[in-house]
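Okay, structure first, notes after.
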Amino acid sequence: MAAKVEIYTWRTCPFCIRAKSLLTSKGVDFIEYSIDGDEDARDKMAQRANGKRSLPQIFINDRHVGGCDDIHALDRQGKLNELLAS
(Lines give C-alpha, C1' and ligand atoms only; values in the text may rest on other atoms or scores of the structure.)
Protein backbone atom coordinates (compact mmCIF):
# COMPACT_ATOMS: atom_id res chain seq x y z
CA MET A 1 0.00 0.00 0.00
CA ALA A 2 1.34 3.42 -0.95
CA ALA A 3 1.96 6.10 1.63
CA LYS A 4 -0.47 8.99 1.90
CA VAL A 5 1.47 12.10 0.88
CA GLU A 6 0.09 15.61 1.34
CA ILE A 7 1.77 18.85 0.37
CA TYR A 8 0.70 22.43 1.03
CA THR A 9 1.85 24.79 -1.71
CA TRP A 10 1.61 28.11 -3.47
CA ARG A 11 1.47 27.73 -7.25
CA THR A 12 4.47 29.98 -8.02
CA CYS A 13 6.67 29.00 -5.05
CA PRO A 14 10.00 27.63 -6.39
CA PHE A 15 10.52 25.46 -3.30
CA CYS A 16 7.03 23.97 -3.73
CA ILE A 17 7.74 23.22 -7.38
CA ARG A 18 11.08 21.60 -6.45
CA ALA A 19 9.50 19.42 -3.74
CA LYS A 20 6.67 18.31 -6.07
CA SER A 21 9.24 17.54 -8.77
CA LEU A 22 11.11 15.20 -6.40
CA LEU A 23 7.90 13.39 -5.47
CA THR A 24 6.84 13.15 -9.11
CA SER A 25 10.27 11.79 -10.12
CA LYS A 26 9.71 8.97 -7.61
CA GLY A 27 6.29 8.21 -9.07
CA VAL A 28 4.51 9.33 -5.90
CA ASP A 29 0.86 10.29 -6.01
CA PHE A 30 0.24 13.16 -3.64
CA ILE A 31 -2.60 15.37 -2.50
CA GLU A 32 -1.80 19.03 -3.13
CA TYR A 33 -3.41 21.81 -1.17
CA SER A 34 -2.78 25.00 -3.11
CA ILE A 35 -3.36 27.68 -0.48
CA ASP A 36 -2.29 30.82 -2.39
CA GLY A 37 -3.33 33.80 -0.27
CA ASP A 38 -5.77 31.78 1.88
CA GLU A 39 -4.77 32.71 5.43
CA ASP A 40 -7.38 30.42 7.01
CA ALA A 41 -5.93 27.44 5.13
CA ARG A 42 -2.42 28.54 6.08
CA ASP A 43 -3.43 28.71 9.75
CA LYS A 44 -4.80 25.14 9.53
CA MET A 45 -1.59 23.99 7.84
CA ALA A 46 0.49 25.65 10.59
CA GLN A 47 -1.51 23.81 13.26
CA ARG A 48 -0.60 20.51 11.60
CA ALA A 49 3.01 21.61 10.98
CA ASN A 50 3.93 22.45 14.57
CA GLY A 51 3.54 26.18 13.92
CA LYS A 52 5.53 26.33 10.69
CA ARG A 53 4.02 28.72 8.15
CA SER A 54 6.60 28.49 5.35
CA LEU A 55 5.78 26.61 2.18
CA PRO A 56 5.79 23.86 1.20
CA GLN A 57 4.85 21.75 4.20
CA ILE A 58 4.83 18.02 3.55
CA PHE A 59 3.13 15.19 5.41
CA ILE A 60 3.63 11.46 4.86
CA ASN A 61 1.01 9.24 6.49
CA ASP A 62 -0.12 12.24 8.57
CA ARG A 63 3.44 12.71 9.92
CA HIS A 64 4.94 16.15 9.35
CA VAL A 65 8.26 15.76 7.53
CA GLY A 66 8.94 19.45 6.87
CA GLY A 67 9.56 21.47 3.75
CA CYS A 68 11.54 21.28 0.54
CA ASP A 69 15.02 21.12 2.10
CA ASP A 70 13.82 18.52 4.60
CA ILE A 71 12.39 16.17 1.98
CA HIS A 72 15.54 16.46 -0.16
CA ALA A 73 17.68 15.73 2.92
CA LEU A 74 15.59 12.63 3.65
CA ASP A 75 16.13 11.55 0.06
CA ARG A 76 19.92 12.05 0.27
CA GLN A 77 19.99 10.03 3.51
CA GLY A 78 18.04 7.20 1.86
CA LYS A 79 15.16 7.63 4.32
CA LEU A 80 12.54 9.07 1.97
CA ASN A 81 11.94 5.80 0.12
CA GLU A 82 11.38 4.04 3.47
CA LEU A 83 8.74 6.60 4.45
CA LEU A 84 7.07 6.38 1.06
CA ALA A 85 6.92 2.58 1.26
CA SER A 86 5.25 2.55 4.65
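The values are calculated or read from the model by the stated rules, or taken from the named source; none is laboratory data. None of the values given here were measured: they were computed from a predicted structure. In this analysis, Cβ positions are derived from the backbone assuming ideal geometry, glycine residues included, and neighbour counts consider all displayed protein chains. What goes into the accessible areas is simple: the full protein's heavy atoms, side chains included, and nothing from ligands, DNA or RNA. Shrake-Rupley method; radii C 1.70, N 1.55, O 1.52, S 1.80 Å.
If you take the beta carbon distance between S54 and A85 as r and set R0 to 25 Å, what does 1/(1 + (r/R0)^6) give as a FRET efficiency, to the nearest 0.05? It comes to 0.40. Length available on full extension from A46 to I17: 0.36 nm per residue minus the Cα-Cα distance, which gives 8.5 nm. Look at the alpha carbon pairs under 8 Å that are at least 6 residues apart: their mean separation over the length of the chain gives a relative contact order of 39 percent.
With contributions of -39500 (n - 2.57) from each DSSP H run of at least four residues, the per-residue ellipticity at 222 nm computed over the chain stands at -12500 deg cm²/dmol.
Were the residues from D36 through R76 laid out at 0.36 nm apart, the gain over their Cα-Cα distance would be 11.5 nm. Across all directions, the average flat footprint of the convex hull enclosing the Cα atoms of the chain is 5.1 nm². Pop out the carbon and sulfur fraction of the accessible area of the chain as a percent, whole number, probe 1.4 Å. After summing per-atom areas, the C and S share lands at 49 percent. At a probe radius of 1.4 angstrom, the accessible area of the chain per residue rounds to 59 square angstrom.
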